[in-house]
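The values are calculated or read from the model by the stated rules, or taken from the named source; none is laboratory data. What you see is a predicted model, and the numbers here were worked out from it, not measured in a lab. Cβ atoms come from the backbone with ideal geometry, glycine included; neighbour counts cover every protein chain shown. Each accessible area value is taken on the protein alone, full model and side chains, heavy atoms only, with ligands, DNA and RNA left out. Shrake-Rupley method; radii C 1.70, N 1.55, O 1.52, S 1.80 Å.
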Amino acid sequence: MERIRQENTVKEIIENFPVTRRIFETYGIMCGGNILPDKPLSFFAKMHNISPVKLIDDLQKLIDGTVDANVESAITKPQTEHVYEIFVKTAILIVLSTGCLYGASLLAYMAFRNSMTSVSWILIETHGDTQVYGWVGLFIMGISYFALPKFWNSILYSTPLAYKSFFLMVAGMFLSFVFKTVSYYSGFFFFKLPVLFGCVLQAASIAIFLYVMCRTFFSAEKQKYEPYEWFFLSSYLWFIFQAIAFIALYFHFEVVFDTNIPDVFKNPIRHIQIMGFACMVIIGIFTKTLPIFLGIQEPNQKVSSYVLYILNISIALRTISGFYKEYTDNLHGFFTTLFCIAGILETFGVFLFIYNLSLFNKRKTAKNPTNLPTGFRKYIRAALVWLFVSESALLTFTFYEALSGKQVSHALFGAYRHAIFVGFISMMILGCASKMIPLSKGVKLCSTRLLNMTFVFINIGCVCRVVAQPLSAHFYPQLFAMMGISGFLEYAAMFFFGINTWKTMQQNMQEEPAEQIKLATANTNVYQLIKQHPQTLDIFLKFGFKQLKNPILRNTLARTISLGQAAQINPINLEDLLKELNTAITTHSEVNVA
(Lines give C-alpha, C1' and ligand atoms only; values in the text may rest on other atoms or scores of the structure.)
Protein backbone atom coordinates (compact mmCIF):
# COMPACT_ATOMS: atom_id res chain seq x y z
CA MET A 1 0.00 0.00 0.00
CA GLU A 2 1.67 3.21 -1.18
CA ARG A 3 -1.25 5.59 -1.23
CA ILE A 4 -4.18 5.55 1.17
CA ARG A 5 -7.68 5.32 -0.28
CA GLN A 6 -11.13 5.59 1.25
CA GLU A 7 -11.77 1.85 0.82
CA ASN A 8 -8.70 0.93 2.90
CA THR A 9 -9.56 -0.27 6.40
CA VAL A 10 -8.22 1.29 9.56
CA LYS A 11 -6.70 -2.08 10.47
CA GLU A 12 -4.63 -2.47 7.30
CA ILE A 13 -3.50 1.15 7.41
CA ILE A 14 -2.19 0.85 10.97
CA GLU A 15 -0.63 -2.58 10.32
CA ASN A 16 1.25 -1.19 7.33
CA PHE A 17 2.02 2.20 8.89
CA PRO A 18 1.97 1.97 12.73
CA VAL A 19 2.76 5.68 13.04
CA THR A 20 -0.75 6.51 11.73
CA ARG A 21 -2.34 5.14 14.90
CA ARG A 22 -1.70 8.50 16.48
CA ILE A 23 -3.84 10.37 13.94
CA PHE A 24 -6.72 7.93 14.37
CA GLU A 25 -6.52 8.48 18.13
CA THR A 26 -6.45 12.24 17.62
CA TYR A 27 -9.66 12.08 15.65
CA GLY A 28 -11.21 9.76 18.26
CA ILE A 29 -11.57 6.82 15.87
CA MET A 30 -9.64 4.48 18.16
CA CYS A 31 -11.17 5.85 21.40
CA GLY A 32 -8.29 4.33 23.32
CA GLY A 33 -9.01 0.76 22.19
CA ASN A 34 -6.47 -1.91 21.23
CA ILE A 35 -8.63 -3.76 18.68
CA LEU A 36 -8.02 -2.42 15.18
CA PRO A 37 -11.31 -1.59 13.39
CA ASP A 38 -11.67 -3.67 10.22
CA LYS A 39 -13.93 -1.27 8.32
CA PRO A 40 -13.27 1.18 5.47
CA LEU A 41 -11.83 4.58 6.21
CA SER A 42 -14.85 6.21 4.56
CA PHE A 43 -17.14 4.55 7.11
CA PHE A 44 -15.34 6.08 10.10
CA ALA A 45 -15.00 9.45 8.41
CA LYS A 46 -18.76 9.56 7.92
CA MET A 47 -19.50 8.30 11.44
CA HIS A 48 -17.26 10.93 13.06
CA ASN A 49 -18.24 13.74 10.67
CA ILE A 50 -14.68 14.05 9.38
CA SER A 51 -13.81 14.97 5.82
CA PRO A 52 -12.39 11.78 4.23
CA VAL A 53 -10.13 13.89 2.02
CA LYS A 54 -8.76 15.79 5.04
CA LEU A 55 -8.24 12.59 7.06
CA ILE A 56 -6.41 10.89 4.17
CA ASP A 57 -4.31 14.02 3.65
CA ASP A 58 -3.23 14.03 7.32
CA LEU A 59 -2.40 10.32 7.18
CA GLN A 60 -0.48 10.58 3.93
CA LYS A 61 1.57 13.55 5.13
CA LEU A 62 2.64 11.59 8.19
CA ILE A 63 3.51 8.50 6.12
CA ASP A 64 5.46 10.51 3.54
CA GLY A 65 7.41 12.28 6.26
CA THR A 66 6.05 15.71 5.33
CA VAL A 67 5.29 16.29 9.03
CA ASP A 68 7.29 15.23 12.07
CA ALA A 69 5.56 12.37 13.89
CA ASN A 70 7.04 13.61 17.17
CA VAL A 71 5.53 17.08 16.96
CA GLU A 72 1.96 17.27 18.19
CA SER A 73 1.17 20.59 16.55
CA ALA A 74 2.07 19.19 13.15
CA ILE A 75 -1.15 17.18 13.00
CA THR A 76 -4.33 19.03 12.24
CA LYS A 77 -6.68 18.72 15.19
CA PRO A 78 -10.40 18.17 14.72
CA GLN A 79 -12.45 21.23 15.55
CA THR A 80 -14.36 19.66 18.43
CA GLU A 81 -12.46 20.98 21.42
CA HIS A 82 -13.68 24.56 21.34
CA VAL A 83 -17.11 24.27 19.79
CA TYR A 84 -18.49 25.28 23.19
CA GLU A 85 -16.94 28.77 22.97
CA ILE A 86 -19.59 30.18 20.62
CA PHE A 87 -22.27 28.96 23.05
CA VAL A 88 -20.59 30.53 26.08
CA LYS A 89 -19.79 33.83 24.37
CA THR A 90 -23.33 34.17 23.03
CA ALA A 91 -24.77 33.32 26.45
CA ILE A 92 -22.66 36.13 27.92
CA LEU A 93 -23.85 38.60 25.25
CA ILE A 94 -27.47 37.65 25.91
CA VAL A 95 -27.26 37.92 29.70
CA LEU A 96 -25.61 41.34 29.32
CA SER A 97 -28.38 42.59 27.01
CA THR A 98 -31.86 41.07 26.82
CA GLY A 99 -31.21 39.07 29.96
CA CYS A 100 -29.83 40.83 33.00
CA LEU A 101 -29.71 44.42 31.68
CA TYR A 102 -33.24 44.22 30.29
CA GLY A 103 -34.49 42.68 33.54
CA ALA A 104 -32.69 45.28 35.66
CA SER A 105 -34.33 48.06 33.62
CA LEU A 106 -37.79 46.55 34.10
CA LEU A 107 -37.13 46.18 37.81
CA ALA A 108 -35.95 49.78 38.08
CA TYR A 109 -39.16 50.94 36.38
CA MET A 110 -41.25 48.93 38.85
CA ALA A 111 -39.31 50.53 41.70
CA PHE A 112 -39.82 54.00 40.23
CA ARG A 113 -43.58 53.36 39.99
CA ASN A 114 -43.72 51.59 43.38
CA SER A 115 -45.71 48.79 41.77
CA MET A 116 -44.90 45.17 40.91
CA THR A 117 -47.59 45.22 38.20
CA SER A 118 -46.51 48.41 36.41
CA VAL A 119 -44.63 46.43 33.72
CA SER A 120 -46.54 44.47 31.10
CA TRP A 121 -46.49 40.66 31.50
CA ILE A 122 -45.17 40.25 27.96
CA LEU A 123 -41.96 42.14 28.78
CA ILE A 124 -41.36 40.01 31.87
CA GLU A 125 -42.07 36.82 29.91
CA THR A 126 -39.66 37.65 27.08
CA HIS A 127 -36.99 38.52 29.66
CA GLY A 128 -37.57 35.15 31.36
CA ASP A 129 -37.39 33.27 28.07
CA THR A 130 -34.03 34.77 27.11
CA GLN A 131 -32.67 33.98 30.55
CA VAL A 132 -33.80 30.35 30.35
CA TYR A 133 -32.89 29.65 26.71
CA GLY A 134 -30.15 32.22 26.10
CA TRP A 135 -28.25 32.44 29.36
CA VAL A 136 -28.77 29.07 31.06
CA GLY A 137 -29.71 27.02 27.98
CA LEU A 138 -26.83 28.02 25.72
CA PHE A 139 -24.33 27.88 28.56
CA ILE A 140 -25.34 24.37 29.63
CA MET A 141 -25.43 23.15 26.02
CA GLY A 142 -21.94 24.50 25.39
CA ILE A 143 -20.41 23.10 28.56
CA SER A 144 -22.12 19.75 27.89
CA TYR A 145 -20.59 19.62 24.41
CA PHE A 146 -17.18 20.17 25.97
CA ALA A 147 -17.21 18.27 29.27
CA LEU A 148 -19.33 15.16 28.77
CA PRO A 149 -17.27 13.61 25.95
CA LYS A 150 -14.26 13.94 28.30
CA PHE A 151 -16.15 12.17 31.09
CA TRP A 152 -17.05 9.36 28.68
CA ASN A 153 -13.57 9.03 27.13
CA SER A 154 -14.99 9.82 23.72
CA ILE A 155 -15.22 12.72 21.28
CA LEU A 156 -18.24 14.77 20.34
CA TYR A 157 -20.34 12.85 17.83
CA SER A 158 -20.85 15.71 15.41
CA THR A 159 -19.44 19.22 15.46
CA PRO A 160 -21.58 20.38 12.48
CA LEU A 161 -24.75 19.28 14.28
CA ALA A 162 -23.58 21.07 17.42
CA TYR A 163 -23.27 24.29 15.44
CA LYS A 164 -26.70 23.73 13.90
CA SER A 165 -28.22 23.42 17.36
CA PHE A 166 -26.61 26.77 18.22
CA PHE A 167 -27.92 28.67 15.20
CA LEU A 168 -31.41 27.19 15.53
CA MET A 169 -31.58 28.20 19.20
CA VAL A 170 -30.40 31.75 18.52
CA ALA A 171 -32.84 32.14 15.60
CA GLY A 172 -35.70 30.78 17.70
CA MET A 173 -34.93 33.13 20.58
CA PHE A 174 -34.74 36.11 18.24
CA LEU A 175 -38.12 35.39 16.65
CA SER A 176 -39.76 34.73 19.98
CA PHE A 177 -38.32 37.79 21.72
CA VAL A 178 -39.04 40.27 18.93
CA PHE A 179 -42.44 39.10 17.71
CA LYS A 180 -43.94 38.37 21.12
CA THR A 181 -43.42 42.01 22.01
CA VAL A 182 -44.38 43.39 18.60
CA SER A 183 -47.56 41.33 18.33
CA TYR A 184 -48.63 42.30 21.85
CA TYR A 185 -48.29 46.03 21.31
CA SER A 186 -49.38 46.12 17.66
CA GLY A 187 -52.34 43.78 18.07
CA PHE A 188 -51.60 42.43 14.58
CA PHE A 189 -52.26 38.70 14.80
CA PHE A 190 -50.02 37.86 11.84
CA PHE A 191 -46.96 38.74 13.99
CA LYS A 192 -47.81 35.86 16.33
CA LEU A 193 -46.97 33.24 13.71
CA PRO A 194 -43.20 33.91 13.92
CA VAL A 195 -43.44 33.27 17.68
CA LEU A 196 -44.76 29.78 16.98
CA PHE A 197 -42.04 29.25 14.39
CA GLY A 198 -39.45 30.41 16.93
CA CYS A 199 -40.70 27.83 19.43
CA VAL A 200 -40.35 25.14 16.76
CA LEU A 201 -36.76 26.20 16.06
CA GLN A 202 -35.93 26.08 19.77
CA ALA A 203 -37.40 22.59 20.08
CA ALA A 204 -35.45 21.49 16.99
CA SER A 205 -32.26 22.86 18.53
CA ILE A 206 -32.83 20.94 21.75
CA ALA A 207 -33.68 17.76 19.81
CA ILE A 208 -30.41 17.99 17.85
CA PHE A 209 -28.51 18.66 21.07
CA LEU A 210 -30.08 15.62 22.73
CA TYR A 211 -29.33 13.47 19.68
CA VAL A 212 -25.67 14.51 19.58
CA MET A 213 -25.17 13.90 23.30
CA CYS A 214 -26.87 10.49 23.16
CA ARG A 215 -24.79 9.38 20.16
CA THR A 216 -21.66 10.60 21.93
CA PHE A 217 -22.66 8.71 25.07
CA PHE A 218 -23.38 5.43 23.28
CA SER A 219 -20.17 5.65 21.24
CA ALA A 220 -18.26 5.30 24.51
CA GLU A 221 -19.69 1.78 24.99
CA LYS A 222 -19.73 2.13 28.74
CA GLN A 223 -20.35 -1.00 30.76
CA LYS A 224 -21.61 0.79 33.84
CA TYR A 225 -23.76 3.91 34.05
CA GLU A 226 -23.22 6.43 36.84
CA PRO A 227 -25.91 8.51 38.61
CA TYR A 228 -24.61 11.81 37.23
CA GLU A 229 -25.31 10.57 33.69
CA TRP A 230 -28.95 9.94 34.54
CA PHE A 231 -29.21 13.45 36.00
CA PHE A 232 -28.00 14.83 32.68
CA LEU A 233 -30.36 12.63 30.68
CA SER A 234 -33.34 13.58 32.87
CA SER A 235 -32.44 17.24 32.52
CA TYR A 236 -32.24 17.07 28.72
CA LEU A 237 -35.54 15.18 28.49
CA TRP A 238 -37.30 17.79 30.66
CA PHE A 239 -35.73 20.49 28.48
CA ILE A 240 -37.17 19.12 25.26
CA PHE A 241 -40.50 18.27 26.93
CA GLN A 242 -41.10 21.88 27.96
CA ALA A 243 -40.14 23.09 24.48
CA ILE A 244 -42.67 20.74 22.86
CA ALA A 245 -45.29 21.77 25.42
CA PHE A 246 -44.80 25.43 24.49
CA ILE A 247 -45.24 24.57 20.81
CA ALA A 248 -48.50 22.78 21.56
CA LEU A 249 -49.76 25.67 23.68
CA TYR A 250 -48.90 28.34 21.13
CA PHE A 251 -50.42 26.30 18.34
CA HIS A 252 -53.64 25.86 20.32
CA PHE A 253 -53.91 29.52 21.23
CA GLU A 254 -52.99 30.48 17.69
CA VAL A 255 -56.02 28.53 16.49
CA VAL A 256 -58.33 30.24 18.99
CA PHE A 257 -56.80 33.64 18.15
CA ASP A 258 -55.40 34.30 21.61
CA THR A 259 -51.73 33.70 22.47
CA ASN A 260 -51.98 35.05 26.01
CA ILE A 261 -51.20 31.73 27.68
CA PRO A 262 -52.69 31.59 31.21
CA ASP A 263 -50.43 31.24 34.23
CA VAL A 264 -51.96 27.85 34.97
CA PHE A 265 -49.99 26.59 31.95
CA LYS A 266 -46.92 28.79 32.23
CA ASN A 267 -46.15 28.18 35.92
CA PRO A 268 -45.75 24.37 35.64
CA ILE A 269 -43.63 24.77 32.50
CA ARG A 270 -41.45 27.40 34.17
CA HIS A 271 -40.97 24.98 37.07
CA ILE A 272 -39.81 22.33 34.59
CA GLN A 273 -37.35 24.82 33.11
CA ILE A 274 -35.92 25.76 36.49
CA MET A 275 -35.99 22.51 38.44
CA GLY A 276 -36.32 19.89 35.71
CA PHE A 277 -33.72 21.31 33.35
CA ALA A 278 -31.34 23.75 35.03
CA CYS A 279 -31.21 22.33 38.56
CA MET A 280 -31.05 18.70 37.45
CA VAL A 281 -28.09 19.30 35.13
CA ILE A 282 -26.28 21.30 37.82
CA ILE A 283 -26.86 18.50 40.33
CA GLY A 284 -25.30 16.15 37.78
CA ILE A 285 -22.28 18.46 37.46
CA PHE A 286 -22.00 18.62 41.26
CA THR A 287 -22.11 14.85 41.57
CA LYS A 288 -19.35 14.31 39.01
CA THR A 289 -16.93 17.20 39.37
CA LEU A 290 -16.95 18.43 42.96
CA PRO A 291 -15.02 15.46 44.38
CA ILE A 292 -12.39 16.10 41.70
CA PHE A 293 -12.16 19.88 41.95
CA LEU A 294 -12.53 20.23 45.71
CA GLY A 295 -10.92 17.06 46.96
CA ILE A 296 -14.00 16.03 48.92
CA GLN A 297 -15.35 12.56 49.50
CA GLU A 298 -17.29 11.21 46.52
CA PRO A 299 -21.08 11.30 47.12
CA ASN A 300 -22.73 7.98 47.92
CA GLN A 301 -23.98 6.68 44.55
CA LYS A 302 -26.99 4.91 46.04
CA VAL A 303 -28.11 8.13 47.75
CA SER A 304 -27.55 10.03 44.49
CA SER A 305 -29.87 7.53 42.78
CA TYR A 306 -32.53 8.17 45.43
CA VAL A 307 -32.20 11.91 44.82
CA LEU A 308 -32.63 11.32 41.07
CA TYR A 309 -35.86 9.35 41.53
CA ILE A 310 -37.30 11.68 44.15
CA LEU A 311 -36.71 14.85 42.14
CA ASN A 312 -38.07 13.42 38.89
CA ILE A 313 -41.21 12.17 40.63
CA SER A 314 -41.68 15.51 42.42
CA ILE A 315 -41.33 17.51 39.19
CA ALA A 316 -43.85 15.28 37.40
CA LEU A 317 -46.34 15.48 40.30
CA ARG A 318 -46.00 19.24 40.66
CA THR A 319 -46.46 19.79 36.92
CA ILE A 320 -49.62 17.68 36.76
CA SER A 321 -51.16 18.77 40.06
CA GLY A 322 -50.27 22.43 39.54
CA PHE A 323 -52.40 22.45 36.40
CA TYR A 324 -55.32 20.24 37.41
CA LYS A 325 -55.92 21.70 40.87
CA GLU A 326 -56.95 24.94 39.14
CA TYR A 327 -59.20 23.27 36.56
CA THR A 328 -61.06 20.58 38.46
CA ASP A 329 -63.66 21.24 41.10
CA ASN A 330 -64.54 17.63 41.96
CA LEU A 331 -60.93 16.52 42.39
CA HIS A 332 -59.54 19.81 43.62
CA GLY A 333 -58.68 18.36 47.04
CA PHE A 334 -56.93 15.35 45.50
CA PHE A 335 -54.69 17.42 43.25
CA THR A 336 -54.02 19.91 46.04
CA THR A 337 -52.76 17.00 48.13
CA LEU A 338 -50.58 15.83 45.24
CA PHE A 339 -49.26 19.37 44.89
CA CYS A 340 -48.31 19.40 48.56
CA ILE A 341 -46.67 15.96 48.33
CA ALA A 342 -44.68 17.15 45.31
CA GLY A 343 -43.35 20.13 47.28
CA ILE A 344 -42.36 17.91 50.21
CA LEU A 345 -40.63 15.40 47.91
CA GLU A 346 -38.71 18.10 46.05
CA THR A 347 -37.49 19.72 49.26
CA PHE A 348 -36.53 16.36 50.74
CA GLY A 349 -34.67 15.40 47.54
CA VAL A 350 -32.74 18.67 47.48
CA PHE A 351 -31.83 18.46 51.17
CA LEU A 352 -30.72 14.85 50.69
CA PHE A 353 -28.54 15.93 47.77
CA ILE A 354 -26.89 18.70 49.84
CA TYR A 355 -26.30 16.28 52.73
CA ASN A 356 -24.80 13.68 50.38
CA LEU A 357 -22.16 16.15 49.15
CA SER A 358 -20.65 16.40 52.65
CA LEU A 359 -19.29 19.77 51.58
CA PHE A 360 -19.96 21.31 54.98
CA ASN A 361 -18.52 18.34 56.89
CA LYS A 362 -15.03 19.47 57.89
CA ARG A 363 -13.93 15.98 58.83
CA LYS A 364 -14.53 14.80 55.26
CA THR A 365 -13.45 17.90 53.36
CA ALA A 366 -10.23 18.13 55.33
CA LYS A 367 -9.00 14.94 53.67
CA ASN A 368 -7.34 16.74 50.81
CA PRO A 369 -3.73 15.60 50.62
CA THR A 370 -3.26 17.06 47.16
CA ASN A 371 -3.71 20.72 48.18
CA LEU A 372 -6.19 21.21 45.34
CA PRO A 373 -7.00 24.79 44.34
CA THR A 374 -10.27 25.76 45.99
CA GLY A 375 -10.66 29.34 44.74
CA PHE A 376 -14.21 28.71 43.55
CA ARG A 377 -15.28 26.82 46.70
CA LYS A 378 -17.10 29.93 47.95
CA TYR A 379 -19.29 29.90 44.83
CA ILE A 380 -20.28 26.32 45.48
CA ARG A 381 -21.11 26.90 49.13
CA ALA A 382 -23.01 30.11 48.40
CA ALA A 383 -24.99 28.35 45.66
CA LEU A 384 -25.94 25.55 48.05
CA VAL A 385 -27.01 28.06 50.70
CA TRP A 386 -29.26 29.78 48.16
CA LEU A 387 -30.65 26.41 47.11
CA PHE A 388 -31.43 25.58 50.74
CA VAL A 389 -33.11 28.96 51.27
CA SER A 390 -35.18 28.75 48.08
CA GLU A 391 -36.35 25.18 48.72
CA SER A 392 -37.26 26.05 52.30
CA ALA A 393 -39.35 28.92 50.94
CA LEU A 394 -40.98 26.61 48.37
CA LEU A 395 -41.93 24.12 51.10
CA THR A 396 -43.41 26.93 53.22
CA PHE A 397 -45.41 28.29 50.27
CA THR A 398 -46.63 24.79 49.39
CA PHE A 399 -47.99 24.19 52.90
CA TYR A 400 -49.57 27.65 52.95
CA GLU A 401 -51.37 27.14 49.64
CA ALA A 402 -52.52 23.64 50.58
CA LEU A 403 -53.90 24.69 53.98
CA SER A 404 -55.34 28.11 53.09
CA GLY A 405 -56.53 27.43 49.56
CA LYS A 406 -54.96 30.74 48.51
CA GLN A 407 -52.02 31.37 46.21
CA VAL A 408 -48.86 32.98 47.50
CA SER A 409 -48.47 36.54 46.27
CA HIS A 410 -46.51 37.22 43.09
CA ALA A 411 -43.95 39.21 45.10
CA LEU A 412 -43.18 36.30 47.42
CA PHE A 413 -43.12 33.61 44.74
CA GLY A 414 -41.06 35.85 42.47
CA ALA A 415 -38.49 36.24 45.27
CA TYR A 416 -38.30 32.44 45.56
CA ARG A 417 -37.74 32.05 41.82
CA HIS A 418 -35.06 34.71 41.85
CA ALA A 419 -33.29 33.01 44.75
CA ILE A 420 -33.09 29.70 42.93
CA PHE A 421 -32.44 31.09 39.43
CA VAL A 422 -29.79 33.67 40.32
CA GLY A 423 -28.66 32.49 43.75
CA PHE A 424 -28.28 28.82 42.84
CA ILE A 425 -28.35 28.31 39.07
CA SER A 426 -26.46 31.43 37.96
CA MET A 427 -24.08 31.18 40.92
CA MET A 428 -23.21 27.64 39.90
CA ILE A 429 -22.70 28.65 36.27
CA LEU A 430 -20.33 31.41 37.36
CA GLY A 431 -18.41 29.09 39.68
CA CYS A 432 -18.13 26.15 37.28
CA ALA A 433 -17.19 28.41 34.37
CA SER A 434 -14.33 29.87 36.40
CA LYS A 435 -12.96 26.35 36.72
CA MET A 436 -13.91 24.55 33.50
CA ILE A 437 -13.17 27.25 30.93
CA PRO A 438 -9.53 27.76 31.96
CA LEU A 439 -9.29 23.97 32.15
CA SER A 440 -10.50 23.63 28.57
CA LYS A 441 -7.93 26.14 27.31
CA GLY A 442 -5.03 24.88 29.40
CA VAL A 443 -4.57 28.39 30.86
CA LYS A 444 -5.16 30.21 34.12
CA LEU A 445 -8.25 32.32 34.83
CA CYS A 446 -7.61 35.83 33.57
CA SER A 447 -8.35 37.64 36.85
CA THR A 448 -8.97 36.32 40.36
CA ARG A 449 -9.91 39.85 41.39
CA LEU A 450 -12.74 40.00 38.86
CA LEU A 451 -13.89 36.58 40.06
CA ASN A 452 -14.07 37.87 43.63
CA MET A 453 -15.86 41.06 42.57
CA THR A 454 -18.39 38.96 40.66
CA PHE A 455 -19.05 36.90 43.78
CA VAL A 456 -19.59 39.96 45.99
CA PHE A 457 -21.89 41.81 43.58
CA ILE A 458 -24.02 38.78 42.65
CA ASN A 459 -24.67 37.93 46.30
CA ILE A 460 -25.39 41.49 47.43
CA GLY A 461 -27.73 41.99 44.48
CA CYS A 462 -29.53 38.71 45.09
CA VAL A 463 -29.99 39.45 48.81
CA CYS A 464 -31.36 42.92 48.05
CA ARG A 465 -33.83 41.52 45.52
CA VAL A 466 -35.04 38.54 47.55
CA VAL A 467 -35.49 40.59 50.74
CA ALA A 468 -36.77 43.86 49.28
CA GLN A 469 -39.30 42.48 46.78
CA PRO A 470 -41.79 40.93 49.22
CA LEU A 471 -41.22 43.54 51.94
CA SER A 472 -41.72 46.50 49.59
CA ALA A 473 -44.86 44.97 48.06
CA HIS A 474 -46.52 44.14 51.41
CA PHE A 475 -45.05 46.25 54.20
CA TYR A 476 -42.38 48.86 53.38
CA PRO A 477 -42.83 50.66 50.04
CA GLN A 478 -39.61 52.59 50.69
CA LEU A 479 -37.70 49.36 50.00
CA PHE A 480 -38.70 49.55 46.32
CA ALA A 481 -35.51 51.60 45.81
CA MET A 482 -33.39 48.72 47.13
CA MET A 483 -35.20 46.34 44.81
CA GLY A 484 -34.54 48.64 41.86
CA ILE A 485 -30.82 48.85 42.62
CA SER A 486 -30.49 45.07 43.02
CA GLY A 487 -30.85 44.42 39.30
CA PHE A 488 -27.92 46.69 38.42
CA LEU A 489 -25.76 45.12 41.14
CA GLU A 490 -26.38 41.73 39.55
CA TYR A 491 -25.71 43.20 36.13
CA ALA A 492 -22.34 44.48 37.38
CA ALA A 493 -21.53 40.95 38.55
CA MET A 494 -22.41 39.52 35.14
CA PHE A 495 -20.38 42.25 33.45
CA PHE A 496 -17.28 41.38 35.49
CA PHE A 497 -17.85 37.70 34.79
CA GLY A 498 -18.26 38.36 31.08
CA ILE A 499 -14.99 40.29 30.82
CA ASN A 500 -13.13 37.68 32.86
CA THR A 501 -14.45 34.75 30.88
CA TRP A 502 -14.03 36.40 27.48
CA LYS A 503 -10.41 37.33 28.18
CA THR A 504 -9.71 33.84 29.49
CA MET A 505 -11.05 32.29 26.29
CA GLN A 506 -8.90 34.66 24.21
CA GLN A 507 -5.71 33.43 25.86
CA ASN A 508 -3.42 30.96 24.15
CA MET A 509 -1.58 28.21 25.93
CA GLN A 510 1.85 29.38 26.96
CA GLU A 511 4.72 27.27 28.07
CA GLU A 512 5.81 28.37 31.53
CA PRO A 513 9.26 27.41 32.74
CA ALA A 514 8.90 24.38 34.93
CA GLU A 515 11.32 22.84 37.38
CA GLN A 516 12.84 19.52 36.46
CA ILE A 517 10.68 16.76 37.95
CA LYS A 518 12.92 14.32 39.81
CA LEU A 519 10.23 12.89 42.10
CA ALA A 520 6.52 12.55 41.33
CA THR A 521 4.16 13.59 44.13
CA ALA A 522 0.42 14.13 44.45
CA ASN A 523 0.96 17.77 43.46
CA THR A 524 2.97 17.02 40.30
CA ASN A 525 1.39 18.32 37.11
CA VAL A 526 0.38 15.54 34.71
CA TYR A 527 1.30 17.47 31.55
CA GLN A 528 4.75 18.45 32.79
CA LEU A 529 5.46 14.92 33.99
CA ILE A 530 4.64 13.36 30.62
CA LYS A 531 6.48 16.11 28.76
CA GLN A 532 9.68 15.69 30.78
CA HIS A 533 9.41 11.91 31.10
CA PRO A 534 7.53 10.53 28.05
CA GLN A 535 7.98 6.97 29.30
CA THR A 536 5.45 7.69 32.05
CA LEU A 537 2.63 7.86 29.48
CA ASP A 538 2.58 4.05 29.25
CA ILE A 539 2.16 3.87 33.03
CA PHE A 540 -0.81 6.23 32.93
CA LEU A 541 -2.39 4.11 30.21
CA LYS A 542 -1.73 0.97 32.25
CA PHE A 543 -3.63 2.53 35.17
CA GLY A 544 -6.62 3.26 32.94
CA PHE A 545 -6.07 6.89 31.92
CA LYS A 546 -7.08 6.28 28.30
CA GLN A 547 -7.87 9.96 27.80
CA LEU A 548 -4.14 10.70 27.78
CA LYS A 549 -3.72 8.76 24.53
CA ASN A 550 -5.41 11.70 22.88
CA PRO A 551 -2.74 14.40 22.30
CA ILE A 552 -5.40 17.13 22.44
CA LEU A 553 -6.38 16.16 25.97
CA ARG A 554 -2.75 15.82 27.00
CA ASN A 555 -2.14 19.36 25.77
CA THR A 556 -5.18 20.95 27.44
CA LEU A 557 -6.78 19.18 30.39
CA ALA A 558 -3.55 17.60 31.61
CA ARG A 559 -1.97 21.05 31.97
CA THR A 560 -4.19 21.93 34.92
CA ILE A 561 -4.50 18.55 36.63
CA SER A 562 -2.24 17.17 39.31
CA LEU A 563 -1.58 13.49 39.93
CA GLY A 564 -3.83 13.68 42.97
CA GLN A 565 -6.69 15.06 40.91
CA ALA A 566 -6.07 12.47 38.20
CA ALA A 567 -6.38 9.72 40.81
CA GLN A 568 -9.79 11.14 41.72
CA ILE A 569 -10.98 11.44 38.13
CA ASN A 570 -10.13 7.79 37.53
CA PRO A 571 -10.20 6.26 41.03
CA ILE A 572 -7.00 4.29 41.54
CA ASN A 573 -4.49 3.74 44.33
CA LEU A 574 -2.42 6.93 44.25
CA GLU A 575 0.48 5.32 46.13
CA ASP A 576 0.77 2.54 43.55
CA LEU A 577 0.72 5.07 40.71
CA LEU A 578 3.40 7.23 42.33
CA LYS A 579 5.56 4.19 43.02
CA GLU A 580 5.59 3.08 39.36
CA LEU A 581 6.02 6.63 38.05
CA ASN A 582 9.02 7.29 40.29
CA THR A 583 10.54 3.95 39.32
CA ALA A 584 10.26 4.94 35.66
CA ILE A 585 11.72 8.41 36.36
CA THR A 586 14.66 6.95 38.30
CA THR A 587 15.37 4.28 35.70
CA HIS A 588 15.29 6.85 32.89
CA SER A 589 17.62 9.18 34.80
CA GLU A 590 20.12 6.40 35.47
CA VAL A 591 20.15 5.43 31.79
CA ASN A 592 20.80 9.04 30.77
CA VAL A 593 23.62 9.36 33.28
CA ALA A 594 25.19 6.11 32.06
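Determine the alpha carbon to alpha carbon distance for each of 288/441; 89/435; 89/444 and list only those over 24 Å.
Violating the 24 Å limit, Cα to Cα: no pairs.
Past 30 Å, Cα to Cα: identify those pairs from 302/579; 302/325; 11/224, in the order given.
302/579; 302/325
Over the stretch 383-528, with every protein chain in place, what whole percent of the accessible area is carbon and sulfur at 1.4 Å, could you tell me?
After summing per-atom areas, the C and S share lands at 65 percent.
So how do 19, 422 rank on accessible area, 1.4 Å probe, biggest first, that is with the largest at the start?
The ordering from most to least exposed comes out as 19, 422.
Highest mean first, what order results for 126-133, 334-341 on Cβ atoms within 10 Å?
126-133, 334-341
Taking 2.2 N^0.38 Å as the expected size of a compact globular protein, what ratio does the Cα radius of gyration of the stretch 92-176 give against it, to two decimals?
For the stretch 92-176, the normalised Cα radius of gyration comes out at 1.41.
With the other protein chains left in place, how much accessible area per residue, in square angstrom, belongs to the stretch 417-462 at a 1.4 angstrom probe?
Dividing the accessible area of the stretch 417-462 by its residue count gives 29 Å².
What are the extents of the Cα atoms of the stretch 148-192 along their three principal axes, listed from largest to smallest and rounded to whole Å?
53, 17, 10
For the peptides 495-506, 180-191, what is the packing order when you average, over each peptide's residues, the other Cβ atoms within 10 Å and list the highest mean first?
495-506, 180-191
At 1.4 Å probe size, with the rest of the protein present, what percent of the exposed accessible area of the stretch 163-224 is carbon and sulfur atoms?
Of all accessible area on the stretch 163-224, carbon and sulfur atoms account for 74 percent.
Assuming 0.36 nm per residue, please report the length gained on full extension of the stretch residue 17 to residue 178 beyond their Cα-Cα distance.
52.3 nm
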